[in-house]
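Enquirer: Take a look at this one; I'll ask things after.
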Amino acid sequence: MATYKPVVVPAFPKLGEKITQDTVYWRAYKTPVQIKEFGAINKIDFSPIPPYNYAVTASSRIHIYGRYSQEPVKTFSRFKDAAYCAMYRDDGNLLVAGSEEGSIRLFDISGRAPLRQFDGHTKPVHVVGFLLDKYQIFSGGDDCSSNLWDIPSATEIISYSEHTDYVRCGCASKVNADVFITGSYDHTVKLFDARTKHSVMTIEHGQPVESVLLFPSGGLLVSAGGRYVKVWDVLKGGQLLVSLKNHHKTVTCLCLNSSGQRLLSGSLDRHVKIYSTTSYKVVHSFNYATSILSLALSPEDETIVVGMTNGVLNVKHRKPEERTEKSQKRQPTYRTYVKGRTYMPKQEDFCVSKPVKRVLRKYDKLLKSFHSSKALDAVLEPPIRLHTPEVTVAVMQELHRRGTLRSALAGRDEKQINLLLTFVARHVIEPRFTPILVTVADMITDIYQPVVGQSAIVDRQFMKLQEAIEKEIDYQEELLEVLGMMDTLFATFTKKRATYLEENKSNGL
């Protein structure tokens, strides 16, 4: 008796993942470090000077973390209630933060007690920041006002009350020392100039604005609210350049990388999307455990920090570049690898062949024992049917070659027929499976035609199979029509050759 030959599963080419430079770059971060805070993290801000510590605002405290420290190196806790939006000054020496009680506090990084306290808001202050001249602070609160403060005298310079709802985000210009921007839940983004008594520009976002970002050049403004991230041209009076809708839930934070060529957005859908600032297409994406409230990237893109609603701080560090220095260890010579390869056995040598033990899979064992129906059941199990459908089709092909496919398909109950029809309807339109699955569909129809109408589940699967085949036929007809049009076009492009008579006429004969 000949030995059994296992079923040969044909190998089909698979589409590999498209690896781009962005994929390699953003995947070069290590496994994240998670730090638990006391409450939801509403703001993360990196110091602009080395060693690039970052301030984390959560609950009623502001923690300063070192780049690689998992414990805070400094804590500011002089708040009666929640603290909001702790921001560094450009020189990294001062820190400003808003609070739930409506006051703004200014801290020296080397001290603990506030240097200044600014009182003027009547409701919580969610937005604070330094202007470019380093001696003025802008703020925005739930009292719908946007204020400008003088640091040396701790007095209010000007107050704008143009928003009609909570002011929850803002940023200062990196070019002009008098310009700052605020975003509000009244769906608007307003640009203020400290030299005027009213806003100089109003942009309608369309949803409550959660975050705004100004490019370093000062010409482009990014606003985030609802599911949208929108880019505006400030130099053209707030003209909308592009509207991005890549998140499934509200976008809560925005960030730029150090070169300004990549824009990052975090959302309540637990994703951080990375866009190219030239094409505004998503080039990479990060997935997190819970909803994201805040996001920050270190000045050298070495660290990415994400704050979440459950109070977890997720810190990822970039892997150091591997050194390409050659090892000093001596490698074996070439003769070590080829030793004994060319040895020819002599006449008195006795050659022993080592038997190769072949392990058969479950369906091969059943086919070897001629259990056709059980072999088909084995390849219809979820792990094989869903992840490697080519194995299921290969076994069906083998049963058809043996002439036992019809008997393997017959005698099945409602659940098994439903499973078979689901598999066939899903894969019959795939060109690699079509030849055998069309035969299987014909056999199932012939065998179970007398029982049609007795089960609503089976009838529904027959209808799905019919719809899939009809749709594929329509596609094929449309492709044939397109092919005919293309043939007509190609025929008109061919150069007409001169006949023998035309050549003679051209020669004057």
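Enquirer: Using only Cα atoms and rounding to the nearest 10 degrees, what angle (0 to 90) does helix 389-402 make with the longest principal axis of the chain?
Expert: 10 degrees
Enquirer: Please go through the residue pairs Lys43/Lys174; Lys368/Lys471; Lys415/Lys471 and name each one whose alpha carbons sit more than 28 Å apart in this structure.
Expert: Working: Lys43/Lys174 20 Å; Lys368/Lys471 39 Å; Lys415/Lys471 26 Å.
Violating the 28 Å Cα-Cα cut-off are Lys368/Lys471.
Enquirer: Would you mind classifying the stretch 258-412 by shape? Square roots of the alpha carbon gyration tensor eigenvalues, ordered a ≥ b ≥ c; an a/c under 1.5 is rounded, otherwise it is prolate if a/b is larger than b/c and oblate if not.
Expert: Taking the square roots of the gyration eigenvalues as a ≥ b ≥ c, the stretch 258-412 is oblate.
Enquirer: Could you check the simple spin-label distance between Lys18 and Thr31, using points 7 Å along Cα→Cβ, in nm with one decimal?
Expert: Here the modelled spin labels are 3.2 nm apart.
Enquirer: For the stretch 125-167, I need the span (max minus min coordinate) of the C-alpha atoms along each principal axis, in Å, sorted largest to smallest.
Expert: 30, 15, 14
Enquirer: Cβ under 14 Å from Arg78's Cβ, Arg78 left aside: what net charge do those residues give with Lys, Arg +1 and Asp, Glu -1?
Expert: +2
Enquirer: Pop out the ³J(HN,Hα) list for the stretch 120-131 in order, Karplus 6.51 cos²θ - 1.76 cosθ + 1.60 with θ = phi - 60°, rounded to Hz; leave Gly and Pro as x.
Expert: Residue by residue, the stretch 120-131 yields x, 7, 9, 9, x, 9, 9, 10, 9, x, 9, 7 Hz.
Enquirer: Another question, if that's okay. Could you tell me the center-to-center distance, by alpha carbons, between the stretch 239-281 and the stretch 129-208 in angstrom?
Expert: 23 Å
Enquirer: Working with all protein chains in place, sort Lys316, Lys245, Lys354 by solvent-accessible area computed with a 1.4 Å probe, largest first. Intermediate results must be reported in sequence, preceding the final value.
Expert: Numbers: Lys316 25, Lys245 100, Lys354 180 Å².
The ordering from most to least exposed comes out as Lys354, Lys245, Lys316.
Enquirer: Roughly how many debye, to the nearest 20, is the charge dipole of the stretch 362-472 about its Cα centre, given +1 on each Lys and Arg Cβ, -1 on each Asp and Glu Cβ, and no other charges?
Expert: Dipole magnitude for the stretch 362-472 comes out near 380 debye.
Enquirer: While we're looking at this one, here's another question. Under the 0.36 nm per residue contour assumption, what length would be gained going from the current alpha-carbon distance of Lys415 and Gln347 to full extension?
Expert: Once the chain is fully extended between Lys415 and Gln347, it gains 18.0 nm.
Enquirer: Which listed residue (Leu360, Gly226, Ile304) has the Cα farthest towards the positive end of the charge dipole for the chain, taking +1 on Lys and Arg C-beta and -1 on Asp and Glu C-beta about the Cα centre?
Expert: Of the candidates, Leu360 comes out farthest on the positive side.
Enquirer: From the alpha carbon gyration tensor of the stretch 21-317, can you work out the equivalent ellipsoid semi-axes (sqrt of 5 times each eigenvalue) and give them in Å, largest to smallest?
Expert: Values for the stretch 21-317, descending: 26, 24, 17 Å.
Enquirer: What relative contact order, as a whole-number percentage, does the chain give when Cα pairs under 8 Å and 6 or more residues apart are counted?
Expert: 9 percent
Enquirer: OK, next. Would you mind checking the pairs Lys80/Lys123; Lys249/Lys464; Lys80/Lys134; Lys30/Lys245 and listing those with alpha carbons more than 22 angstrom apart?
Expert: Pairs exceeding the cut-off: Lys249/Lys464; Lys80/Lys134; Lys30/Lys245.
Enquirer: I need the phi-derived Karplus couplings for the stretch 250-262: 6.51 cos²θ - 1.76 cosθ + 1.60, θ = phi - 60°, integer Hz, Gly and Pro marked x.
Expert: Those phi angles translate into 4, 7, 10, 8, 10, 6, 10, 7, 5, 7, x, 8, 10 Hz.
Enquirer: Provide the gained length on full extension for the span Lys354 to Ser243, in nm with one decimal, where the gain is 0.36 nm per separating residue minus the Cα-Cα distance.
Expert: 33.2 nm
Enquirer: Given Cβ point charges of +1 (Lys, Arg) and -1 (Asp, Glu) and nothing else, what value in debye, to the nearest 20, does the dipole of the chain about its Cα centre take?
Expert: 2860 debye
Enquirer: Can you compute 3J(HN,Hα) from phi for each residue in the stretch 305-320, using the Karplus curve 6.51 cos²θ - 1.76 cosθ + 1.60 with θ = phi - 60°, rounded to whole Hz and x for Gly and Pro?
Expert: Each residue's phi maps through the Karplus curve to give 10, 10, x, 10, 5, 8, x, 9, 9, 9, 10, 10, 10, 6, 5, x Hz.
Enquirer: Cα atoms only: what Rg and Dmax, in Å, come out for the chain?
Expert: Cα only, the chain: 35.1, 110 Å (Rg, Dmax).
Enquirer: How many percent of the accessible area of the chain is carbon or sulfur, using a 1.4 Å probe?
Expert: Working: 15900 of 29670 Å².
Roughly 54 percent, rounded to a whole number.
Enquirer: Continuing with this model, one more query. Before I look further, what does the chain give for accessible area per residue, probe 1.4 Å, in whole square angstrom?
Expert: 58 Å²
Enquirer: For Lys273, which aspartates and glutamates qualify as cross-link partners when the Cα separation must be under 20 Å and same-chain residues fewer than eight apart are set aside?
Expert: Glu17, Asp22, Asp45, Glu210, Glu300, Asp301, Glu302
Enquirer: Any idea what the dipole of the stretch 299-451 comes to, in debye rounded to 20, about its Cα centre with Lys/Arg Cβ at +1 and Asp/Glu Cβ at -1?
Expert: Numbers: 27 positive and 18 negative charges, 221 e Å.
Its charge dipole is roughly 1060 debye.
Enquirer: Next question. For Thr333 and Asp446 in one chain, what is 0.36 nm times their gap in residues minus the Cα-Cα distance, to one decimal in nm?
Expert: 33.9 nm
Enquirer: With only alpha-carbon atoms in the gyration tensor, what are the semi-axes of the equivalent ellipsoid for the stretch 362-472, in Å, largest first?
Expert: Taking √(5λ) for each eigenvalue gives 21, 16, 13 Å, largest first.
Enquirer: Could you tell me the calculated FRET efficiency between Met485 and Asp81, based on Cβ-Cβ distance and R0 = 41 angstrom, to the nearest 0.05?
Expert: Numbers: r = 71 Å, r/R0 = 1.72.
With R0 = 41 Å, the Cβ-Cβ based efficiency is 0.05.
Enquirer: Against the longest principal axis of the chain, how steep is helix 456-493, in degrees 0 to 90 to the nearest 10, with axes from Cα atoms?
Expert: 90 degrees
Enquirer: Ok, one more. Lys/Arg Cβ at +1, Asp/Glu Cβ at -1, dipole of the chain taken about the Cα centre: which of Ala11, Ser99, Leu115 is farthest positive-ward?
Expert: Ala11
Enquirer: Ok, one more. So, in nm, how far is label Phe38 from label Glu71 when the simple model puts each one 7 Å beyond its Cα toward the Cβ?
Expert: It is 1.7 nm.
The values are calculated or read from the model by the stated rules, or taken from the named source; none is laboratory data. Not measured: the values here are computed from a predicted model. Cβ: placed from backbone, ideal geometry, glycine included. Neighbour counts: every protein chain shown. Heavy atoms of the whole protein, side chains included, go into the accessibility calculation; ligands, DNA and RNA do not. Shrake-Rupley method; radii C 1.70, N 1.55, O 1.52, S 1.80 Å.
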